[in-house]
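Asks: Here it is, the structure in full.
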Amino acid sequence: MKLKQRVVLLAILLVIFIFTKVFLIDNLDTSAANREDQRAFHRMMAGLRVELVPKLDHTLQSPWEIAAQWVVPREVYPEETPELGAIMHAMATKKIIKADVGYKGTQLKALLILEGGQKVVFKPKRYNRDYVVEGEPYAGYDRHNAEVAAFHLDRILGFRRAPLVVGRFVNLRTEIKPVATEQLLSTFLTVGNNTCFYGKCYYCRETEPACADGDTMEGSVTLWLPDVWPLQKHRHPWGRTYREGKLARWEYDESYCDAVKKTSPYDSGPRLLDIIDTAIFDYLIGNADRHHYESFQDDEGASMLILLDNAKSFGNPSLDERSILAPLYQCCMI
């Protein structure tokens with residue numbers, strides 16, 4: 001073999017060797033990175049796991065007092081919550097001592113008071129898990145399981161802005177009716193062999209009650225925020241008109257965010273960023289119904305946007321409503 005051929009062959013072998021070496025190192029690095037990613041994922045999942053147990057290891061033995069002291073202007077519960085399982089267990093099991101119609105709103109709910117004086121909001125099951133809500137993205141009744149799922153997504157994202165929610169079965173005949181107010185009792189009726197109620201709300205109708213399976217009704221229970229933290233309601237700047245043929249300004253004005261940035265409380269502080277966070281959260285859960293939102297009262301725009309009323313979510317898994325993200329793509333900030 002001539003010298004020139006040997007040099008060319010040696011050069012080819014050297015290139016192959018270098019590429020092999022780089023490929024192996026890259027594969028090793030990638031494998032190591034993948035393993036570390038998997039370990040981080042498992043650590044996160046372990047930290048998010050909640051066991052509903054009654055035992056409380058805390059100087060305060062009231063679950064309601066513990067939950068109340070968690071609340072601060074920028075979070076409803078802290079990152080480290082070893083008592084979370086015990087509080088959620090109490091929400092799912094404590095005796096109901098009073099039942100009344102829900103607070104103002106468009107959808108059916110009941111206000112319950114649990115043993116120890118804690119207020120909770122009960123939203124009844126209206127659909128089976130696999131029911132698909134057709135039509136507009138905000139169509140249909142509230143979904144109780146959407147409240148539960150949205151709370152846990154809030155935990156996963158690290159927002160910690162949603163009040164605690166847990167699923168619960170209640171017996172309407174033995175747990176609710178004996179302690180119900182006259183106003184709530186007047187909305188009870190029987191459909192076939194099932195106990196039903198229709199409550200008091202903007203869209204509540206005797207012809208559209210929520211019905212138990214016999215006497216047992218499934219629903220979600222949301223922990224009422226402490227009275228020392230009164231709420232203030234705001235119209236969402238990217239709210240819909242809910243009128244066919246009439247668009248809100250943000251739906252046709254691509255420079256709309258510039259106008260929002262000039263108005264209080266979006267001209268300073270974290271509120272506009274909270275709106276954008278919430279848009280991403282709502283897009284993930286499919287909630288196109290956040291026409292209003294709540295913050296803590298007299299906060300001058302400093303407190304968080306509280307993720308209340310997430311029940312108009314997870315209605316149609318085949319629909320991704322891009323317009324929910326309007327605050328993100330119009331403001332171009334996160």
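Residue-wise test of (1) aliphatic (A, V, I, L, M); (2) open to solvent by 20 Å² or more (accessible area, probe 1.4 Å).
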| residue | (1), (2) |
| --- | --- |
| 79 | no, yes |
| 90 | yes, no |
| 105 | no, yes |
| 131 | no, yes |
| 151 | no, no |
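Asks: Checking residue 142 against (1) outside any loop (DSSP other than H, G, I, E, B); (2) open to solvent by less than 40 Å² (accessible area, probe 1.4 Å); (3) touching a strand residue (DSSP E or B) at 6+ places or on another chain (Cβ under 7 Å): exactly one of these is not met. Which one?
Replies: Unmet condition: (1).
Asks: What is the residue count in the range 224-241 for residues that are open to solvent by less than 50 Å² (accessible area, probe 1.4 Å) and in contact with a strand residue (DSSP E or B) (Cβ under 6 Å, 6 or more places away or on another chain)?
Replies: Adding up the residues that qualify gives 2.
Asks: Criterion first (surrounded by 19 or more Cβ atoms within 10 Å (Cβ to Cβ), under 24 Å from residue 278 (Cα atoms) and not polar (S, T, N, Q)) does residue 250 satisfy it?
Replies: Considered against the rule, which asks whether it is surrounded by 19 or more Cβ atoms within 10 Å (Cβ to Cβ), under 24 Å from residue 278 (Cα atoms) and not polar (S, T, N, Q), residue 250 comes out as yes.
Residue-by-condition table, conditions (1) free of Cβ contacts under 8 Å to residues at least 12 places away in the same chain; (2) within 22 Å of residue 231 (Cβ to Cβ); (3) in a strand (DSSP E or B):
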site	(1), (2), (3)
122	no, yes, yes
132	no, no, no
149	no, no, no
154	no, yes, no
206	no, no, no
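Asks: Being polar (S, T, N, Q), in contact with a strand residue (DSSP E or B) (Cβ under 9 Å, 6 or more places away or on another chain) and open to solvent by 60 Å² or more (accessible area, probe 1.4 Å) is the filter here, so list the residues in the range 255-307 that pass it.
Replies: Scanning the range 255-307 gives a single hit, 297.
Asks: Residue check, residue 194 against (1) out of contact with any Cys (no Cβ under 9 Å at 6 or more places or on another chain); (2) among the polar types (S, T, N, Q); (3) assigned by the TED database to the domain that holds residue 77, all met but one. Which one?
Replies: Just one mismatch for residue 194, condition (1).
Asks: Okay, moving on. What pairs come up if the first residue lies in the range 280-296 and is within 9 Å of residue 233 (Cα to Cα), the second is among the polar types (S, T, N, Q) and crowded, with 18+ Cβ neighbours inside 10 Å, and their beta carbons are under 8 Å apart, counting only those six or more places apart or on different chains?
Replies: 293/278; 295/303; 296/303
Asks: Mind checking which pairs have a first residue in the range 44-71 that is assigned by the TED database to the domain that holds residue 305 and more than 22 Å from residue 226 (Cα to Cα) and a second that is assigned to a helix (DSSP H, G or I) and aliphatic (A, V, I, L, M), Cβ under 6 Å, 6 or more apart or different chains?
Replies: Final answer for the pair search is none.
Asks: Then there's this: Here is a list: 244, 321. Which entry is touching a Pro at 6+ places or on another chain (Cβ under 8 Å) and open to solvent by 30 Å² or more (accessible area, probe 1.4 Å)?
Replies: Sole residue among the options that is touching a Pro at 6+ places or on another chain (Cβ under 8 Å) and open to solvent by 30 Å² or more (accessible area, probe 1.4 Å): 321.
Asks: I've got another one for you. From the list 208, 175, pick out the single residue that is under 30 Å from residue 69 (Cβ atoms) and open to solvent by 50 Å² or more (accessible area, probe 1.4 Å).
Replies: 175
Asks: Is it the case that residue 119 is open to solvent by 60 Å² or more (accessible area, probe 1.4 Å) and more than 30 Å from residue 271 (Cβ to Cβ)?
Replies: No: the conditions fail for residue 119.
Asks: Given the criteria within 18 Å of the chain's Cα centre (by Cα) and open to solvent by 50 Å² or more (accessible area, probe 1.4 Å), does residue 51 qualify?
Replies: No: the conditions fail for residue 51.
Listed here are the residues, each with its yes/no results for (1) among the aliphatic types (A, V, I, L, M); (2) in contact with an Asp or Glu (Cβ under 9 Å, 6 or more places away or on another chain); (3) modelled with pLDDT of 95 or more.
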residue	(1), (2), (3)
102	no, no, no
105	no, yes, no
109	no, yes, yes
113	yes, yes, yes
118	no, no, yes
137	no, yes, no
145	no, yes, yes
148	yes, no, yes
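Asks: If you don't mind, there's one more thing I want to ask. Looking at (1) on the phi < 0 side of the Ramachandran plot; (2) in contact with a strand residue (DSSP E or B) (Cβ under 6 Å, 6 or more places away or on another chain), which is the only condition residue 137 fails?
Replies: Exception for residue 137: condition (2).
Asks: Okay, next question. Please specify each residue of the range 65-82 satisfying the condition of being at pLDDT 95 or above and acidic (Asp, Glu).
Replies: 65, 75
The values are calculated or read from the model by the stated rules, or taken from the named source; none is laboratory data. Keep in mind the model is a prediction, meaning the values are calculated, not measured. FYI the Cβ positions are ideal-geometry reconstructions off the backbone, even for glycines, and counts take in every protein chain you see. Keep in mind that these areas ignore ligands, DNA and RNA; they rest on the heavy atoms of the full protein, side chains included. Shrake-Rupley method; radii C 1.70, N 1.55, O 1.52, S 1.80 Å.
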